[in-house]
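Novice: Pasting a structure below so you can have a look.
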Amino acid sequence: MAASYVGRFAPTPSGPLHLGSLLAATASWLDARAHGGRWLLRIDDLDAPRTVAGAEAAILATLEAHGLAWDATVVRQSDHLQHYRAALETLAERCFACRCTRRDLHGATRYPGTCRALRLPRRGNALRLRVDAVSGLHAFDDRVQGRYSQQVAAAIGDYVVWRRDDIASYQLAVVVDDALMGVTHIVRGADLLDNTPRQLHLGACLGKAKPSYAHVPIVAEASGVKLSKHNAATAIDDRAARYNIRNVLALLGLDPPRGDIAELLAWAAQRWRIDRLPRVPVLPGFVAVS
Ligand code: GLU
């Protein structure tokens, strides 16, 4: 199994890492190391409006300070644009243009099919992929959360693969990226769990190999609010790296002896059992420390 493991961490450069993203990065790194696998770093910079100047450099510095070394050169979504277009062309027959705005959809979680039969022009509109009940049923065994299944047609409906601002959707990009990078094991935050059936659906439509998934709990503040870059969550202080890693390992249920970062991580990689993580989407009661 060792040689065939390829993991990855794929932060969006919309701000510095916070404790929740450091936890996901550490879990993914430990899982790769525990399997003798490779761990790749991809910067998800596709969504230019969300990209913040300096965020990528800050993320790389934080990973380095915390001993989370990556293999091979950093990959960027902005290097993959022609691959997204090629994937879209493969799907073109199954897509239709949609002019609905978020407001038109009134926040509905399932797309009601408004533009399905309208034959609108591609230009200036989003493109949605048709999902039917047969191709839309996806179930998988998440290594942390257990069996997860979703009927994409019923829960989500036809979903966007190309945005009206003429860039690939997150779903399309991530499936193309992971396949290009040969990723076999995805370890990421549980906030992305309900995207996975759409990604499995897309992967099947594009004929890509199916990766293994593990969705680790995300970290919430004591108030129960998910830590994210949008709610002024505490950015990681790289000067407290050893303390942060101890904190993350404790949240992952590990209680390491004293040591420097390399020792802590090596100790944790030896004992890593992803199936022992709490099977919850959110780790509650965390009080943000600065
Ligand atoms: N770039 C995405 C994020 O930061 C994660 C992509 C993924 O892990 O699939 O939320």
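Every number in this text was worked out from the coordinates using simple rules, so none of it is lab data. Source: prediction; values computed, not measured. Every residue, glycine as well, gets a Cβ built from its backbone with ideal geometry; the counts of neighbours run over all protein chains shown.
Novice: Could you tell me what percent of the DSSP beta bridges with both partners in the chain are antiparallel, to the nearest 5?
Specialist: Once the DSSP bridges in the chain are tallied, antiparallel ones form about 55 percent.
Novice: How much net charge surrounds N125 when only the other residues with a Cβ under 9 Å from the Cβ of N125 are counted, with Lys and Arg +1 and Asp and Glu -1?
Specialist: Net local charge, N125 excluded: +4.
Novice: Please say if segment 1-150 is rounded, prolate or oblate, where rounded means a/c under 1.5 for a ≥ b ≥ c the square roots of the C-alpha gyration tensor eigenvalues, and otherwise the choice is prolate for a/b larger than b/c and oblate otherwise?
Specialist: Prolate.
Novice: Let me ask something additional. Using a cut-off of 15 Å between beta-carbons, work out the net charge of the residues near P211 (Lys and Arg +1, Asp and Glu -1, P211 not included).
Specialist: Summing Lys/Arg as +1 and Asp/Glu as -1 gives +3.
Novice: Here's something else I'd like to know. What number, in percent, do you get for the relative contact order of segment 137-277 if the mean sequence gap of Cα pairs under 8 Å and at least 6 apart is divided by its residue count?
Specialist: 22
Novice: Could you size up the charge dipole of the chain around its Cα centre, putting +1 on the beta carbon of Lys and Arg and -1 on that of Asp and Glu, and report it in debye to the nearest 20?
Specialist: Charge dipole, the chain, about its Cα centre: 780 debye, nearest 20.
Novice: First select every other residue whose beta carbon is under 10 angstrom from the beta carbon of D45; then total the charges, Lys and Arg +1, Asp and Glu -1.
Specialist: Spelling it out: positives minus negatives among the neighbours equals -1.
Novice: Same structure again: Given q = 0.08, 0.10, 0.15 Å⁻¹, what are the Debye log10 I(q)/I(0) values for the chain, with equal point scatterers placed on the Cα positions and solvent ignored?
Specialist: The Cα Debye sum returns log10 ratios of -0.35, -0.56, -1.22.
Novice: Output wanted: per-residue J couplings in Hz (rounded whole) for segment 126-135, from phi through Karplus 6.51 cos²θ - 1.76 cosθ + 1.60, θ = phi - 60°, x for Gly and Pro.
Specialist: Those phi angles translate into 7, 10, 10, 9, 5, 10, 10, 4, 6, 7 Hz.
Novice: Same structure again: Tell me, for the chain, which Cys residues have no other cysteine's C-beta sitting closer than 4.7 Å.
Specialist: So far as the 4.7 Å Cβ criterion goes, C95, C100, C205 stand without a partner in the chain.
Novice: Between rounded, prolate and oblate, where does segment 242-284 land on the alpha carbon gyration tensor, with a ≥ b ≥ c its root eigenvalues, rounded for a/c under 1.5, else prolate if a/b exceeds b/c?
Specialist: It is oblate, given that a/c is not under 1.5 and a/b is not larger than b/c.
Novice: Let me ask you something else. Measure out, as a whole number of angstrom, how far apart the alpha-carbon centroids of segment 149-201 and segment 36-90 sit.
Specialist: 16
Novice: Please work out whether segment 80-219 counts as rounded, prolate or oblate from its C-alpha gyration tensor, where a ≥ b ≥ c are the square roots of the eigenvalues and a/c under 1.5 means rounded, while otherwise a/b larger than b/c means prolate and anything else oblate?
Specialist: prolate
Novice: Defining a contact as two alpha carbons under 8 Å apart and six or more residues distant in sequence, what relative contact order in percent does the chain show? Before the final figure, lay out each step's value.
Specialist: Values: 511 pairs, mean separation 67.1, N = 290.
It comes to 23 percent, rounded to a whole number.
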